[in-house]
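One structure is given here, and the rest of the page talks about it.
The values are calculated or read from the model by the stated rules, or taken from the named source; none is laboratory data. Small disclaimer: the values here were computed from a predicted structure and weren't measured. Backbone-built Cβ (ideal geometry, glycine too); neighbour counts: all protein chains shown.
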Amino acid sequence: MRLNSRMARRVGAAAIAVCAAIGVPAAALAATDRPAAPAQAAVTRCTVSDLDIWAGVPGNQGLEQTALQIQISDISARPCTLDGFPRVLAVNSKGRQLGDAAGKGAGKLRLITLRYGQTAHFTLGLIDVTIFSHSSCDQVTAAGLAIWAPGDRDSQFVPLQLPVCGKRGNQYLTASTVLNGAGVPDLAD
């Protein structure tokens, strides 16, 4: 049997279609043989176990207020995020709260991602408690601060002796939002 050009084209097209029908699934199977690229791990919120929280150098002292830079460093093996206001309490040597919790100070809410060894900070404003009457404040010396990372349920103790009110009812602490980078006081004053 002799093939004319029309018949040859049909046989050729059928052969291409058969090869494509066999080749495409084979190529797809071959592509799935390779191991998948590892998925990026989701970056989670920092917890106190991921962090080392410590008091930096005091700065910007006014007549009745001091600003402390509280540093928050990632000591975990994974990146984590911080955003918002930390919770801060002055505490005695037994870990009991002294006076009111820190109020919310200034700052825009920003999502900060910390990697191992990186540091963020917030500013803790401390009002001189001697401006309050003894009967409303009952001035005592705190053993330190209990600090919660924003959104965390557990706190970390930061040893820092400072004069505080033993009674509640006087707002003498304020905490700013967490900011990226180490906090360095403005020493130009």
Worksheet item: So Q69 clears everything in (1) in a loop (DSSP other than H, G, I, E, B); (2) modelled with pLDDT under 95; (3) in contact with a strand residue (DSSP E or B) (Cβ under 9 Å, 6 or more places away or on another chain); (4) not hydroxyl-bearing (S, T, Y) except one condition, right? Which one?
Response: (1)
Fill in: All positions within the stretch 154-189 that are surrounded by fewer than 16 Cβ atoms within 10 Å (Cβ to Cβ), touching a residue at least 40 places away in the same chain (Cβ under 8 Å) and either in contact with a His (Cβ under 8 Å, 6 or more places away or on another chain) or part of a loop (DSSP other than H, G, I, E, B) (or both)
D154, R168, G169, Q171, G181, A182, V184, D186, L187, D189
Worksheet item: Among (1) assigned to a strand (DSSP E or B); (2) loosely packed, with under 13 Cβ neighbours inside 10 Å; (3) polar (S, T, N, Q), which single condition is T81 missing?
Response: (2)
Item to complete: Consider N180 carefully, then state whether it is of a type outside the set (F, W, Y) and either at pLDDT 95 or above or touching a Cys at 6+ places or on another chain (Cβ under 8 Å) (or both).
Response: no
Worksheet item: Across the stretch 125-142, what is the number of residues that are free of Cβ contacts under 8 Å to residues at least 60 places away in the same chain and either surrounded by 20 or more Cβ atoms within 10 Å (Cβ to Cβ) or under 16 Å from D83 (Cα atoms) (or both)?
Response: 3
